[in-house]
Amino acid sequence: MGVLVRPYEERDERGWLICRLLSFFDTAFFDAVEREKERYERDAIELVAEKDGTIVGLLDLECESEGLSAGPGSGRMIWHLATHPDHQRQGVASAMLAEAEKRARAGGPRVLPD
């Protein structure tokens, strides 16, 4: 696959926006064009998948209560999960979900459902 999944950084914003736009182009969200990446009030896991210096995937997961280490019954919301069209069906989204799960579980005993 050759994709690096890593935490989002401010310098990724333009690539994140481009990836989101292209990923949503053939969906019902084609007209949901953003000029800035959303910022989250609560604890969040924000990841990008990078290949050859280009953002090819993104994932944003926000806690809806008490932080990443909250126990059973606490809510999590995936706000964005997208893969650039040229990199779809290559395991990019699966890799980002696996990394998000790993990071969430490190924050508490049970963060995502089994």
> Tell me, which residue of the range 39-60 that is among the charged types (D, E, K, R) and touching a His at 6+ places or on another chain (Cβ under 8 Å) is surrounded by the most Cβ atoms within 10 Å (Cβ to Cβ)?
Replying inline: Asp60
>> Every residue in the range 62-104 that is surrounded by 16 or more Cβ atoms within 10 Å (Cβ to Cβ), part of a loop (DSSP other than H, G, I, E, B) and at pLDDT below 85, please.
In response: Leu68, Ala70, Ser74
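Does the range 105-114 include one or more residues that are under 13 Å from the mean Cα position of the chain (by Cα) and modelled with pLDDT of 75 or more? Step through it out loud before you land on a result.
Initially, the range 105-114 is screened for residues under 13 Å from the mean Cα position of the chain (by Cα), giving none.
No, the conditions are met nowhere in the range 105-114.
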> Going through the range 20-51 one residue at a time, which ones are at pLDDT 95 or above and touching a Ser or Thr at 6+ places or on another chain (Cβ under 8 Å)?
Replying inline: Ala49
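The values are calculated or read from the model by the stated rules, or taken from the named source; none is laboratory data. Just so it is clear, the structure is predicted and the values come from calculations on it, not from any experiment. Positions of Cβ are generated from backbone atoms using ideal geometry, with glycine treated the same way; all protein chains shown enter the neighbour counts.
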